[in-house]
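For reference, the structure discussed in these notes is given below.
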Amino acid sequence: MKWLFLFVVLLNAAFLSWHSFVQDKPEKAKESIYGPPVSEKIHLLTESLAVTEQDYNAGMMSSESIEDALSKVIDEATGDQPELFCPRLETERQEDIKQVSQVLKDFGWPYQEREVTGKRAKFWLYIAAPETPAIAERIVKELASKSIDSFVINRAEMKNRISLGLYSSKERAEQAKLRIQNLSGYRVDVYEHMRNVPLRQIDIEEPIDEKDWEQFVSRFDLTKMMIKLEKNPC
């Protein structure tokens, strides 16, 4: 009886061990069988490359089109804005300064004014020196009788020359030369030279465009003014 009981126990132990081994054994992975979907079109390798290049080029063209459109918008927006500048006016005559200051006040433009020194061309009218000082004095009296202002120069290098005045513009000097020659009968010469003169600079502080500048300049008769105009960047 004892041996029978021991045999049954060993048999149960063997059965449990075998059953545990069978459950722990991994199942063999099933191999998947490849099959393309029925609705998908199969392309050759060359066809796939062609499609890819086409799609890429289409994307590049789209990007370039966007950049061109943006550039066009920026150019149009920039083109609508007028070019602005801050002018400078420079003159040496008090009457010109007064006229410019009045027009600036009329326009309501802020400005700064300062005095500087600069070289300007001057045109001196004279009659060549005669043989003697007595003849020079006689010529001066003749000119005075015809309402022509003049005087005799006594400096060594210009002794006995008869001065007829100093002009700031060549045009005015030529006009005066012809007038004096016709009235006096004497030949008049013009000597051009550079001189240091006090100048007045006026800087317009408010940026203005070409249209406003043309309206401003139209208020002056530039043929009668000794004035320099500059369009400086702001």
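The values are calculated or read from the model by the stated rules, or taken from the named source; none is laboratory data. Quick caveat, the model's predicted, so the values are computed rather than measured. A quick note on method: Cβ atoms are made from the backbone with ideal geometry, for glycine too, and the neighbour counts reach across all protein chains shown. With ligands, DNA and RNA removed, areas are computed over all heavy atoms of the protein, side chains included. Shrake-Rupley method; radii C 1.70, N 1.55, O 1.52, S 1.80 Å.
Annotations
- The residues listed here are Glu171, Glu113; of these, the one that is acidic (Asp, Glu), touching a strand residue (DSSP E or B) at 6+ places or on another chain (Cβ under 6 Å) and under 19 Å from Lys228 (Cα atoms) is Glu113.
- Positions within the stretch 53-91 being modelled with pLDDT of 70 or more, open to solvent by 50 Å² or more (accessible area, probe 1.4 Å) and either of a type in the set (A, V, I, L, M) or more than 27 Å from the chain's Cα centre (by Cα) (or both), in sequence order: Leu84
- Any hit, the stretch 179-187, residues being of a type in the set (Phe, Trp, Tyr), under 30 Å from Pro87 (Cβ atoms) and open to solvent by 50 Å² or more (accessible area, probe 1.4 Å): no
- Selected residue (criterion: surrounded by the fewest Cβ atoms within 10 Å (Cβ to Cβ)) from residues of the stretch 156-178 that are more than 43 Å from the chain's Cα centre (by Cα) and charged (D, E, K, R): Glu157
- Near pairs, Cβ below 7 angstrom, 6+ apart or cross-chain, from the stretch 132-150 (under 16 Å from Ile180 (Cβ atoms)) to any residue that is assigned to a helix (DSSP H, G or I) and open to solvent by 70 Å² or more (accessible area, probe 1.4 Å): Lys146/Leu183; Ile148/Leu183
- Test for Lys228: is it over 30 Å from Pro87 (Cβ atoms) and at pLDDT below 95: no
- Some residue of the stretch 121-129 being open to solvent by 20 Å² or more (accessible area, probe 1.4 Å), free of Cβ contacts under 8 Å to residues at least 40 places away in the same chain and within 30 Å of Glu157 (Cβ to Cβ): yes
- Met158 vs. criteria at pLDDT below 95 and farther than 20 Å from Met226 by Cα: yes
Residue by residue, here is whether (1) more than 51 Å from the chain's Cα centre (by Cα); (2) loosely packed, with under 11 Cβ neighbours inside 10 Å; (3) within 27 Å of Glu174 (Cα to Cα) holds:
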site	(1), (2), (3)
Asp106	no, yes, no
Pro110	no, yes, no
Ala136	yes, no, yes
Lys141	yes, yes, yes
Ser150	no, no, yes
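- Search result, residues across the stretch 188-223 that are loosely packed, with under 12 Cβ neighbours inside 10 Å and among the basic types (Lys, Arg): Lys211
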